[in-house]
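All remarks here apply to the structure that follows.
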Amino acid sequence: MTPTRFALPARILHWTMAALILAMLLIGAGMISTTTARYPALLAWHRPIGIAILILALIRLGVRLTHRPPPLPADLPALQVAAAKGSHYLLYALMIAMPLIGWAMQSAGGYPVILWKGAVLFPILPHAVQLYGWLRFAHGLLAYAFFLLILAHLGAALFHALIRRDGVFGSMAG
Amino acid sequence: MPSSIPLRFGLIAGVLAAVVAIFAWVGGFLTPARISGGGIANVMQAANGKVYPGFRRAHAKGLCVSGSFEANGAGTSVSRAALFPSGIVPVIGRFSTGGGDPMSADGRPVFHALGLRFALPHGEEWRMAIDHTPVFIVSNAADFMALQQASVPDPATHKPDPARVKAFAATHPETAAFLAYMKTAPLPSSFANGTYYSINAFRFVTADGQSRAVRWQFEPEAPFAALDPATLDKQPRDFLFDDLLARIRQGPLKWHMVVIVANPGDRTDNATVRWTGPHRRIDVGTLVLDRAATEAQGDCRDYNYDPTILPKGVELSDDPLPALRSAAYSASFRRRAIEGPHPDAVTTAQAKGDVQ
């Protein structure tokens, strides 16, 4: 039977991660904008939430591979189908890559990857300062790309909900 | 739900615009006066007169040291930090002089500073950035920014206009007091005989949750000797760094870490204010530095001595400066990292055979 909605685990993961990823983008943008006490406070949240997103993203990838999603509407133009599929590949790639790059860059920068006071994650790269520089640059750049992609995703979801009214929005929100 | 298609498109556009607006507001794009770490790095670059690629935007000239911290156990009475139980912890550090020019001469009345990285069990770290002055020149980010702006060289003369710094000091008595202190207080004749102060107040927390405001200082075993201000500018360019290399070859250099516990009424939120009068002092152990190497040869340059990297048992206080320092150091670190390390003054001088 063809499903009309995403499986329950997929929906729970989607909405949990939506909240976490939006929070992360705001925490990241907020922390580099300030030198007040908010800076260390936001930085302290950024690391554990990032690792949580990495774990959830890997679980979600497993759920995605084992649960068939509902098909896109048959009358969706080919270009929109391609945009939908392509953007979802990119969203998955960024959900996994962003925390990994963050973890890798902190390792290369010689920083302790502190999840919370007393709990330090092992490094995944050797200490290499120029590599840190490039990874840190990539982390910032990809964060903007991620934000734009999420805007497009949100815009497309609302387009399905309000303009096409084709059940795509409900397959995740319903 | 609106029935007309244009209205529904308008609703979508409104939702997206609201998300962008929230992001822009949180990210400070709508509040240009907000001070970021990058903004501090920018003003320091301007005050330096140019960018020295690959070097720290402040305390650009440095030397690597390493050794250990031998804790005597006394610190456990005030903090559960893994540094304090009796035992030995490996340390790397970096001595530096204030200023953004990595090739500057040492004979200037500037901050002597020490960055330390204590490698504690289970991957925990304690990093410090400590200075030879007991207090700082300003107490908050806005004042730091304003003072740096006042120090930016005049485009015509390529020199800072002393009147602008004077004008700042005139409205900031704590800065005036600091400048007077730097002018009159004897400068240590060596990195080895200076006392290095935490500058900022932190909080120590014991295993049973008692929290106390503290500052700390590293007091040298080497007896203090002062530089003669009259001969300061006649000293060789790298004399402080060469002196440290020579001294460490003779034997390890030692400092006692002394924790100063705040009295009721001591200011914890203002690093320009000294804690005067009798205080509870706890000697918690000895910093032993037994190796030194230039930045290119040692292992200290590529760490960021961010004073907010603290182990369990040590917390930030209401002093606003550590957050400012952390954000600014981080901006400096990411810039110099991507530029890549460049040869430091002492390595270059050694390669030329300028020193023994």
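Excluding residues on the same chain fewer than 8 positions from residue B:183, give the lysines whose Cα lies under 18 Å from its Cα.
Those lysines meeting the cut-off are B:166, B:234.
Per DSSP helix of 4 or more residues, -39500 (n - 2.57); summed, then divided by the residues of chain A. What does that give at 222 nm, rounded to the nearest 500?
On the way: 5 runs with 120 residues, N = 174.
For chain A, the value works out to -24500 deg cm²/dmol.
Counting Lys and Arg as +1 and Asp and Glu as -1, each charge on the Cβ, what is the dipole of the range B:283-354 about the Cα centre in debye, to the nearest 20? Present the calculation step by step, with values, prior to reporting the outcome.
On the way: 8 positive and 12 negative charges, 60 e Å.
Roughly 280 debye for the range B:283-354.
In terms of modelled amide H atoms, which long-range or inter-chain residues lie less than 5 Å from the amide H of residue B:314?
Sorted by chain and number, the residues that satisfy this are B:205.
Can you spot the lysines whose alpha carbon is less than 17 Å from residue B:159's alpha carbon? Ignore those fewer than 8 places along the same chain.
In chain and number order, the partners are B:50.
If you fit an axis through the alpha-carbon atoms of helix B:162-171 and take the longest principal axis of the Cα set of chain B, what angle between them do you get, 0 to 90°, nearest 10?
80
For chain A, what does the relative contact order come out to in percent, with C-alpha contacts under 8 Å and a separation of six or more? Provide the component values of the computation, followed by the final result.
Values: 166 pairs, mean separation 41.6, N = 174.
Relative CO of chain A lands at 24 percent.
Considering the Cα positions of chain A, please state its Rg to one decimal place and its Dmax as a whole number of Å.
18.1, 56
Build a GNM of chain B with springs between Cα atoms under 10 Å: which of B:18, B:226, B:327 gets the top mean-square fluctuation?
B:18
Once each part is reduced to its C-alpha centroid, what is the distance from the range A:110-150 to the range B:225-264 in angstrom?
36
Quantify how strongly other chains surround peptide A:154-167 by giving the mean number of their Cβ atoms within 10 Å of each of its Cβ atoms.
Numbers: counts 4, 5, 1, 2, 7, 3, 0, 4, 9, 5, 0, 2, 0, 0.
For peptide A:154-167, the averaged partner shielding equals 3.
PRE reach from residue B:77 (point 7 Å along Cα→Cβ): which of the range B:208-226 fall under 17 Å by backbone N?
B:208-217
If you count, for every residue in B:334-341, the Cβ atoms of partner chains within 10 Å of its Cβ, what is the mean?
Working: counts 11, 2, 3, 13, 9, 3, 3, 2.
Partner Cβ neighbours, averaged per residue: 6.
Let me spell out the model: positive unit charges on the Cβ of Lys and Arg, negative unit charges on the Cβ of Asp and Glu, origin at the Cα centre of the range B:316-356. What dipole size does that give, in debye rounded to 20? The partial results should precede the final answer.
Values: 5 positive and 5 negative charges, 38 e Å.
So the magnitude is around 180 debye.
How far apart, in nanometres, would the label points at residue A:117 and residue A:5 be if each is projected 7 angstrom from Cα along the Cα-to-Cβ direction?
4.4
Could you sort B:300-310, B:178-188 so that the peptide with the highest average Cβ count within 10 Å comes first and the rest follow in order? Let's see the in-between values first.
Details: B:300-310: 22.5, B:178-188: 14.3.
Output ranking for B:300-310, B:178-188: B:300-310, B:178-188.
Rounding to the nearest 10 and keeping the result within 0 to 90°, find how far the Cα-based axis of helix B:141-150 lies from the longest principal axis of chain B.
Around 80 degrees separate the two axes.
Please work out the Cα center distance from the range B:12-61 to the range B:151-185, rounded to the nearest Å.
Taking the Cα centre of the range B:151-185 as reference, the centre of the range B:12-61 is 25 Å away.
Where does each of B:317-324, B:50-57 land if you order them by average Cβ count within 10 Å, highest first?
On the way: B:317-324: 22.0, B:50-57: 19.0.
Listed from highest to lowest mean packing, they are B:317-324, B:50-57.
Return the FRET efficiency for the residue pair residue B:9, residue A:75: r is the Cβ-Cβ distance, R0 is 25 Å, and the value is rounded to the nearest 0.05. The partial results should precede the final answer.
Values: r = 20 Å, r/R0 = 0.79.
Approximately 0.80, to the nearest 0.05.
Take chain B, connect every pair of alpha-carbon atoms lying under 10 Å apart with a spring to form a Gaussian network, then pick out the residue of B:31, B:133, B:171 with the largest mean-square fluctuation.
In the Gaussian network model the winner is B:31.
How large is ³J(HN,Hα) for each residue in the range B:292-301, as worked out from phi by the Karplus curve 6.51 cos²θ - 1.76 cosθ + 1.60 (θ = phi - 60°), to whole Hz, x for Gly and Pro?
9, 7, 5, 4, 5, 9, x, 10, 10, 4
What Kirkwood Rh does chain B have if only Cα atoms enter the pairwise 1/r average? Answer in Å. If you can, show how the numbers build up before the last one.
Details: mean 1/r = 0.0454 Å⁻¹.
The Cα-based Kirkwood calculation yields 22.0 Å.
Between residue B:157 and residue B:232, how high is the FRET efficiency from 1/(1 + (r/R0)^6) when r is the Cβ-Cβ distance and R₀ = 22 Å? Nearest 0.05. Before the final figure, lay out the partial values.
Details: r = 23 Å, r/R0 = 1.06.
For residue B:157 and residue B:232, the calculated efficiency is 0.40.
Per-residue mean of other chain beta-carbon atoms within 10 angstrom of the beta-carbon, peptide B:264-276? Intermediate results must be reported in sequence, preceding the final value.
Working: counts 0, 0, 0, 0, 0, 0, 0, 0, 0, 0, 0, 0, 0.
That works out to 0 on average.
Which angle between 0 and 90 degrees, to the nearest 10, do you get for helix B:37-48 versus the longest principal axis of chain B when only C-alpha atoms count?
Result, in degrees: 60.
Only helical DSSP H runs with n ≥ 4 go in: add -39500 (n - 2.57) per run for chain B, normalise by residue count and round the 222 nm mean residue ellipticity to 500 deg cm²/dmol. If you can, show how the numbers build up before the last one.
Details: 8 runs with 105 residues, N = 356.
The per-residue figure over chain B is -9500 deg cm²/dmol.
Values quoted throughout were computed directly from the atomic coordinates according to the rules given, and no laboratory measurement underlies them. Predicted, not measured: the structure shown is a model, and the values here were computed from it. Every residue, glycine among them, receives a Cβ derived from its backbone with ideal geometry; neighbour counts consider all protein chains shown.
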